[in-house]
Amino acid sequence: MSTFISEPGTRLGGRYRLEDRIGASSGWAAWKAIDETLARAVTVLTFARGFPRIADAVTAARAASRLTDARLAQVFDVEEDWDHAYVVMEWVGGDSLDDLLADGPLDPGQGAELIAQSAEALACAHAAGVAHLCLTPESLRWTAGGGVKIVGLGIDAALAGVTADDPALADTQSLGKLLYAALTAHWPGGEWPSLPPAPEVDGHPRSPRQVRAGVPAGIDEVCCQVLLPNGHGGHHGPPLTTPATLATALNRVIPAPAAPPPITSPRGYPAGLDADGLAPGPPYRQHRAGGPPRRGARSRNTMPGGRPPVATRVMASIAVVLVVAAVGVGVWTLGHHGGTPHVNNTPSQQPTHSAPRLAVLPADSAAAFGPSGGDNPAQAPLAIDNSATTDWYTDSYQQSPHFGNLYGGTGLVLDMGKQVKVSSVTVTFGSVPGAHVRIEVGNDNTGTSPNGAATLGHTTNAVRTMTFTGHPVTGRFVFIWFTKLAPQRGAAGHFQADVFNVVVKGSS
């Protein structure tokens, strides 16, 4: 096979200047390069003339280039000329999982979160027909900006000539090995140069809890559901065979982070107005230094792609019966940005006779609700604590206000403890306008969206305190269901929604 067609200083396509060769094998080389047009670092893959898998690598790169999940290293450019083919990809800095494990296993919650995000991203890729098939501890990166990146999607397998009869199962089992490594700093089955092999019993690796103390039982169970036959390691759950099911299972058992320290001023409402005439919004949520984020601090994209995406859900059409009006003039003076909500009548439109006084109906509990168990479940009770300074918030999503193009909605569900007749729901949202929300009342909270519930009210501009009314609706559960998020203040390109307080009125 002839030598590589490139060397340091070579310019490809008139713009990509090769600088340092960072990897090579028989027939290909990877370079750190500079895109001189956009003045940024990129990764460039070049090939030796006659390398037999050029066409496969180019095809894989083109397939990966269609994915937009920010957790997948992006493919920017592909040159298909047989003798001068090259692929230009995102330059991904930061530490690999291999680097992170150099000093020992990760915090179990951090390790599970890293793999959950990776599984979500790969679920999106699989939904688009793209698999990785060559996942190793070097494939997962924790970037300096605080996010997960998966490198080599499809391309590494094409370069190595790796295929699989069941790509979803192959990637899921590889993710299971990476989870095991993150929890124990051991490699299960086979060898990985930088990690000791996992101890085995009866030819199977011991469960993470048998190797390292302190691994939560739920995370241990999920790892065993991927790697061990039923019954081995003491687990009894069904096998997990797709990235989507693995992501869902992990998101259900990742422990909530410790409560943050008290803050001296409310996040976004109702403390004074900023220079834009809006109350200060939530600060950009920082990840824990030195490791992957914990649940509630992560950015979901969707994964880049979409889950089909674990959570792509088709919402059933719901007939909306509403009384359209506006809230008090003072609220709309502050929140005039965006669309007009469908809410209660203003006082000037009320009948002259006195309406019956509605009773406040206390909720028994509040819970996160939606795909993968909902967002930030530990904070959900803060939505019904009668405080305007504590809140539940969605995860921070990138790329799109539609949950990173992952799915159709997320929100809260209030359990009223029994069937009640709901006449109005007053919700205090954050200070940034633009979120779309529906208030639904129903008797089933077992799904991932409030299908079958009746709509009490909705708005295309959820901001500050708003009251939703319509024809009274009877049911046990009240859903605060977001279908579009507002921009996240202080974090360009991120989207989020907040609920500070919910008050339900009606009769029992």
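Structure notes:
- For D95, the test of being surrounded by fewer than 18 Cβ atoms within 10 Å (Cβ to Cβ), within 28 Å of A185 (Cβ to Cβ) and of a type in the set (D, E, K, R) is passed.
- Screening A30, A24, A61 for residues that are in contact (Cβ under 8 Å) with a residue 24 or more places away in the chain and either small (G, A, S) or under 23 Å from K149 (Cα atoms) (or both) leaves exactly one candidate, A61.
- With respect to the conditions (1) in contact with a Phe, Trp or Tyr (Cβ under 9 Å, 6 or more places away or on another chain); (2) in a strand (DSSP E or B), R489 falls short on a single one, namely (2).
- If the condition is being under 22 Å from the mean Cα position of the chain (by Cα) and either aromatic (F, W, Y) or part of a loop (DSSP other than H, G, I, E, B) (or both), then the range 434-444 contributes only G434.
- Flag if G493 is farther than 17 Å from L412 by Cα and surrounded by fewer than 22 Cβ atoms within 10 Å (Cβ to Cβ): yes
- From the options R489, R438, residue that is of a type in the set (D, E, K, R) and under 21 Å from S423 (Cα atoms): R438
- Test: V463 is surrounded by 23 or more Cβ atoms within 10 Å (Cβ to Cβ) and under 15 Å from K505 (Cα atoms): no
- Enumeration of residues in the range 10-31 that are at pLDDT 90 or above, not polar (S, T, N, Q) and not in a strand (DSSP E or B): G13, G14, R15
- The range 56-80 - residue that is not in a loop (DSSP other than H, G, I, E, B) and not aliphatic (A, V, I, L, M) and, of those, farthest from E90 (Cα to Cα): D56
- Subset tally (residues that are in contact with a Ser or Thr (Cβ under 6 Å, 6 or more places away or on another chain) and hydroxyl-bearing (S, T, Y)) for the range 17-68: 1
- Residue check, T136 in a loop (DSSP other than H, G, I, E, B), of a type in the set (V, I, T) and either within 28 Å of A217 (Cβ to Cβ) or free of Cβ contacts under 8 Å to residues at least 12 places away in the same chain (or both): yes
- Qualifying residue in the range 447-466 (condition: outside any helix (DSSP H, G or I), at negative phi and among the charged types (D, E, K, R)): no
- Going through (1) surrounded by 24 or more Cβ atoms within 10 Å (Cβ to Cβ); (2) closer than 22 Å to A131 by Cα one by one, D77 falls short only on (1).
- In the range 460-483, residue nearest to G417 (Cα to Cα) [restricted to those that are of a type outside the set (V, I, T) and out of contact with any Ser or Thr (no Cβ under 8 Å at 6 or more places or on another chain)]: R476
- Sole residue being surrounded by fewer than 23 Cβ atoms within 10 Å (Cβ to Cβ), closer than 30 Å to V148 by Cβ and of a type in the set (V, I, T), chosen from T394, T390: T390
- Some residue of the range 146-156 being of a type in the set (D, E) and crowded, with 21+ Cβ neighbours inside 10 Å: no
- Filtering the range 177-187 for residues that are touching a Lys or Arg at 6+ places or on another chain (Cβ under 6 Å) and among the hydroxyl-bearing types (S, T, Y) leaves a non-empty set.
Residues are listed down the side, and each one gets a yes or a no for (1) part of a helix (DSSP H, G or I); (2) touching a residue at least 60 places away in the same chain (Cβ under 8 Å):
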{"site": "A366", "(1), (2)": "no, yes"}
{"site": "A380", "(1), (2)": "yes, no"}
{"site": "A383", "(1), (2)": "yes, yes"}
{"site": "A388", "(1), (2)": "no, yes"}
{"site": "G404", "(1), (2)": "yes, yes"}
{"site": "G417", "(1), (2)": "no, no"}
{"site": "V420", "(1), (2)": "no, yes"}
{"site": "T428", "(1), (2)": "no, yes"}
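- Some residue of the range 109-128 being out of contact with any helix residue (DSSP H, G or I) (no Cβ under 7 Å at 6 or more places or on another chain), assigned to a loop (DSSP other than H, G, I, E, B), within 23 Å of N405 (Cβ to Cβ) and in contact (Cβ under 8 Å) with a residue 24 or more places away in the chain: yes
- Taken over the range 471-483, the criterion of being crowded, with 24+ Cβ neighbours inside 10 Å and farther than 16 Å from A363 by Cβ is satisfied by F482 alone.
- Only a single criterion out of (1) acidic (D, E); (2) touching a helix residue (DSSP H, G or I) at 6+ places or on another chain (Cβ under 7 Å); (3) outside any loop (DSSP other than H, G, I, E, B) is not satisfied by D156, namely (2).
- Residue ID - farthest from G475 (Cα to Cα), chosen from residues in the range 414-450 that are of a type in the set (V, I, T) and in contact with an Asp or Glu (Cβ under 9 Å, 6 or more places away or on another chain): V432
- Test: residue in the range 46-55 that is of a type in the set (F, W, Y), outside the structural domain of L175 (by TED's automatic domain parsing) and part of a strand (DSSP E or B): yes
The values are calculated or read from the model by the stated rules, or taken from the named source; none is laboratory data. Keep in mind the model is a prediction, meaning the values are calculated, not measured. Glycine also receives a Cβ, built like all others from the backbone with ideal geometry; neighbour counts cover every protein chain displayed.
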